[in-house]
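One structure below.
The values are calculated or read from the model by the stated rules, or taken from the named source; none is laboratory data. What you are looking at is a predicted structure, and each value in this text was computed from that prediction instead of being measured. Neighbour counts run over all protein chains shown; Cβ positions are idealised from the backbone, glycine included. These accessible areas exclude ligands, DNA and RNA; they are computed on the full protein's heavy atoms, side chains included. Shrake-Rupley method; radii C 1.70, N 1.55, O 1.52, S 1.80 Å.
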Amino acid sequence: MAYDKLFEPANIGKAKIKNRLVMSPMNTHFTTGEPSVLSDRYFEYYKSRAKGGVGLIITTHVKAEKKIDPYPLTYGYATLDSASQIKYFYEITETAHRYDAKVAIELSPGTGRLADATLKDRWPVGPSEIEILGMPGVKTRELTKDEIKELVEAYGRAAGLAKQAGFDIIYVHFTAYLGDQFLSSAWNHRTDEYGGSLENRMRFLMECIESARSSVGKDFPLIVGLALDHGFPGGRELDETIEIAKRLKNIGINTLHLRRGSYDNMNLLIPTEYMEDGVSVDYANRVREQVGIQVISDGNISDPVLANKLIEESKLDFIGLGRALLADPEWPNKVRADKKEDIVPCVRCMQCINRVFFGQFAACSVNPVLGKEYLSPILPAKKPKKVVVVGGGMAGMAFAKMAEEKGHDVTLLESTSELGGHLLEGAVMDHKKEVAAYCEHLVREIKNSGVNVKYNTRGTKESLRELNPDAVVVAAGSVPKIPQIPGIDKQNVRIATTFLKNGQECGQNVIIVGGGLVGCETGLHLAQKGKNVTIIDMLPEVAQDVIFMARFSLLQALKDKEIKTQGGLKLVEITDRGIVAEDANGNRKEMDCDTVVIATGLKADDTLYEELKNEYDEIYKIGDCIKARKFIDAIQEAFQVAKDI
């Protein structure tokens with residue numbers, strides 16, 4: 001087997017894990033009701049990953065109590081504080097065990113400074129009076145020793161209930177939330193036995209572990225989740241984490257889940273596409289080597305070749321898979337069968353977690369079934385139809401494959417000589433290797449299917465009439481917005497999408513007009529090639545259209561590459577020497593450069609749909625031809641129409 005090291009069994013305490021693949025803890029917001037309880041969305045979501053071959057599932061964040069620390073109020077964290085909750089959790093463990101997957105409950109003693117609101121009768125609490133993240137000037141109330149005792153007792157009760165619910169392992173969640181805040185001198189300013197020295201700051205953790213063991217037994221497996229470092233000045237550094245790990249090993253903890261970062265530096269905690277693969281591996285390995293303890297780590301480890309190498313070289317003991325399993329729950333089974341090319345790759349777009357932060361269910365840009373596993377699958381068509389799809393970009397390919405799988409006779413018209421649409425230019429940049437892999441995956445899926453692809457064929461009234469379809473799906477995509485200004489046709493001008501796709505040449509000094517995602521990523525691409533780049537935009541700041549979870553990472557990447565950005569500037573003319581821009585007050589400035597790259601956005605190409613909408617009884621439009629948007633919109637629309645057609 002090509003990836004044999006990934007499929008060697010190993011033990012966490014007395015729990016035998018069938019392979020080295022762990023589903024990392026992720027909150028997908030699939031709970032329901034108030035107070036939040038696990039729902040069918042969660043049951044089927046975890047069943048799909050267990051069936052997909054993962055060895056260990058670590059659940060979403062579960063609170064041990066909600067009387068003292070009821071937060072967060074928004075993100076749907078379930079609480080295991082009474083026997084009435086057991087049935088919801090047992091549904092998960094019972095199903096996972098059928099597929100020989102073990103399950104750990106990510107059990108948290110509290111939220112602390114990560115509270116998302118302030119209830120007057122139950123004010124947010126912390127180890128000390130510390131500022132609540134995201135609420136400048138608003139501070140937590142310091143927990144009393146009696147309250148700490150209550151939290152510890154609640155933790156033990158919850159652990160006992162978890163054992164009754166069939167969990168194999170208790171995951172002691174001390175990353176970022178209240179537990180971590182007790183551990184760190186950045187947040188713990190107490191002067192009693194719970195603050196000051198490391199021994200005192202670890203007291204809450206030690207008491208939670210002892211409380212859990214008093215309920216589940218001394219030999220019941222535990223994993224402790226820790227931050228390797230916090231990623232900000234004054235936060236915990238690796239050396240102290242190593243000392244914490246040594247003390248945990250001394251009390252019988254044999255496995256840690258380690259990741260870098262905190263919510264003060266989410267780029268490390270939840271790494272984006274702009275960061276390297278295995279962002280936490282080197283630090284986690286130092287803990288492993290210096291302490292002699294098993295470690296699980298994650299953070300942009302989605303390539304099975306890399307994952308196998310990390311186990312083979314004893315860098316890690318277990319590989320944490322997070323978003324990779326959201327994109328493709330069958331990742332382990334496909335790797336085991338040596339079918340890496342069949343994996344649906346995560347494109348690291350951050351939409352899954354971004355949606356949760358804004359109160360929505362998690363969803364995926366490449367897996368439209370995420371969160372919908374509990375619904376009926378796409379069923380074979382009762383009456384197969386002749387379907388014509390216009391446009392071979394992401395939406396068109398995804399829809400065509402799903403429609404063909406339903407039994408429809410599908411013809412795909414592509415106006416160029418290759419499939420891919422905007423994925424082609426999006427895949428050019430170094431940090432977009434996952435987008436390139438996804439594009440290749442979609443193209444391969446189409447070529448291996450029964451979809452009839454007609455290349456170099458434009459969708460027109462006449463070409464559609466010849467094909468005589470029962471249904472038409474227009475996925476014509478979007479086209480660049482070109483500012484109509486003097487000089488736009490000069491030789492020193494490039495259009496970003498064409499420039500990237502065709503690999504056009506440019507000079508050493510480049511000004512990019514348009515500071516949205518395309519402009520910023522084009523700038524990053526050019527800077528990586530050694531060009532001097534300036535990005536201008538009419539808005540006060542660049543990257544305004546980039547989602548929250550990726551924006552700060554992108555801005556940091558621009559800064560690291562010394563890319564200059566200037567907001568509040570409108571392009572009014574292109575000259576042989578560069579550009580003329582105008583600020584909000586009408587003041588004009590000349591800016592010299594060798595090449596001007598236009599990245600002023602995309603607009604929907606709905607011309608064909610408008611021509612055809614009265615010609616066919618069944619006609620749909622999907623993707624960018626509705627409005628230029630994100631990957632996730634294209635895949636979700638393709639999925640919905642494929643279900644309906």
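Ellipsoid semi-axes for the stretch 467-553, based on the Cα gyration tensor and the rule √(5λ), read 28, 19, 14 Å when sorted largest first.
When the helices of the chain are scored as -39500 (n - 2.57) per DSSP H run of n ≥ 4 and the total is divided over every residue, the value at 222 nm lands at -9500 deg cm²/dmol.
Determine the share of the chain's accessible area contributed by carbon and sulfur atoms, expressed in whole percent, with a 1.4 angstrom probe. Using a 1.4 Å probe with all protein chains present, the chain comes out at 46 percent carbon and sulfur.
Ordering 381, 10, 640 by Cα displacement along the dipole of the chain toward the positive end leaves 10 in first place; charges were set at the Cβ atoms of Lys, Arg (+1) and Asp, Glu (-1).
Geometric descriptor of the stretch 54-146, per residue, is 121 Å³ (volume of the convex hull of the Cα atoms). Seen against the Cα atoms of the chain and their longest principal axis, helix 40-51 is set at about 90 degrees. Of all the Cα-Cα pairs you can form in the chain, what percent are over 44 Å apart? Cα-Cα pairs in the chain separated by more than 44 Å: 28 percent. Rolling a 1.4 Å probe over the protein chains gives residue 215 an accessible area of about 50 Å².
What percentage of all Cα-Cα pairs in the stretch 242-283 are separated by more than 15 Å?
52 percent
Computed from backbone phi with θ = phi - 60° and the Karplus coefficients 6.51, -1.76 and 1.60, the 3J(HN,Hα) list for the stretch 155-165 is 5, x, 4, 5, 4, x, 5, 5, 4, 4, 7 Hz; x is used for glycine and proline.
Coupling constants for the stretch 8-13 follow from the phi torsions by the Karplus curve (6.51 cos²θ - 1.76 cosθ + 1.60, θ = phi - 60°), and in residue order they are 7, x, 7, 10, 10, x Hz; glycine and proline get x.
Among the trypsin sites (Lys or Arg not before Pro) in the stretch 185-278, those placed in a DSSP loop whose Cβ has at most 15 other Cβ atoms within 10 Å are 218.
Karplus-derived 3J(HN,Hα) values for the stretch 421-432, using 6.51 cos²θ - 1.76 cosθ + 1.60 with θ = phi - 60°, are x, 5, 4, 5, 6, x, 8, 6, 6, 4, 7, 9 Hz; glycine and proline are entered as x. With every protein chain in place and a 1.4 angstrom probe, the accessible-area ranking of 425, 573, largest first, reads 573, 425. Within the stretch 107-168, which trypsin sites (Lys or Arg not before Pro) sit in a loop by DSSP and count at most 13 neighbouring Cβ atoms inside 10 Å? Here the sparse-neighbourhood loop sites are 120. Remark on the stretch 592-645: Rg and Dmax equal 15.9, 55 Å (Cα only). Ratio of Rg to Rh for the stretch 228-348: 1.00 [Cα atoms; Kirkwood radius as inverse mean 1/r over pairs]. Across the cross-link table entries 334/385; 529/561; 461/621; 5/309; 385/621, which are compared at the Cα atoms, the separations over 20 Å belong to 334/385. Once the 1.4 Å probe is applied to the protein heavy atoms, the chain comes out at 40 Å² accessible per residue. When Rg and the Kirkwood radius Rh are both evaluated on Cα atoms of the stretch 336-464, their ratio Rg/Rh stands at 1.00. Relative to the compact-globule estimate of 2.2 N^0.38 Å, the Cα radius of gyration of the stretch 380-527 comes out at 1.23. Reducing the stretch 566-645 and the stretch 424-463 to their Cα centroids gives an inter-centroid distance of 20 Å.
For the stretch 349-403, the fraction of C-alpha pairs farther apart than 18 angstrom is 52 percent. In loop segments of the stretch 205-275 as defined by DSSP, the GluC sites (Glu not before Pro) with at most 14 further C-beta atoms inside 10 Å of their C-beta are 237. Taking the Cα centre of the chain as reference, the dipole from Cβ charges on Lys and Arg (+1) and Asp and Glu (-1) amounts to some 1000 debye.
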